[in-house]
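We did not get these values from a lab; they are worked out from the coordinates using the rules stated. If you're wondering where the values come from, they're calculated on a predicted model, not measured in any experiment. Counting neighbours? That spans all protein chains shown, and the Cβs are built from the backbone with ideal geometry, glycine included.
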Amino acid sequence: MSPSPQSEQLSTYLFFTILAVTILVYLLRGLAILSFLPGGVIWILILLSIGTGIFYIVEKSRRF
C-alpha cells in the first residue's frame, strides 16, 4: 500500500512549518526579543523538529 499524496503533503507541511517556527523562535530569543522564553521551550521545539524530520524522511522513503 503506497502512501497517499495527501499524507506526503501533510508530513512535508508539518516538518517545514515546525522547522520554520523553531528557527524563528531561536533567532528572536537570540536577539533578546523573546528573552522571556525558557530554554526548555527551545529544546522542545528542536526535539519536535528532529522528530518530524524523521517522520518526513520515513514518509518520503516509502516505496511500497
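Calculated from DSSP H runs of 4 or more alone, at -39500 (n - 2.57) each and per residue, what is the 222 nm mean residue ellipticity of the chain, nearest 500? Theoretical 222 nm ellipticity from helices: -27000 deg cm²/dmol. Between 0 and 90 degrees, the angle of helix 5-30 with respect to the longest Cα principal axis of the chain falls at about 10 degrees.
Modelled label positions at Ser61 and Leu14, each set 7 Å beyond Cα in the direction of Cβ, lie 1.8 nm from each other. Contact order for the chain, expressed relative to its length and based on alpha carbon pairs under 8 Å spaced 6+ residues apart, stands at 56 percent.
Sorting check: for 49-58, 30-39, which peptide has the highest mean count of neighbouring beta carbons within 10 Å, and how do the rest follow?
Ranked by mean Cβ neighbours within 10 Å, highest first: 49-58, 30-39.
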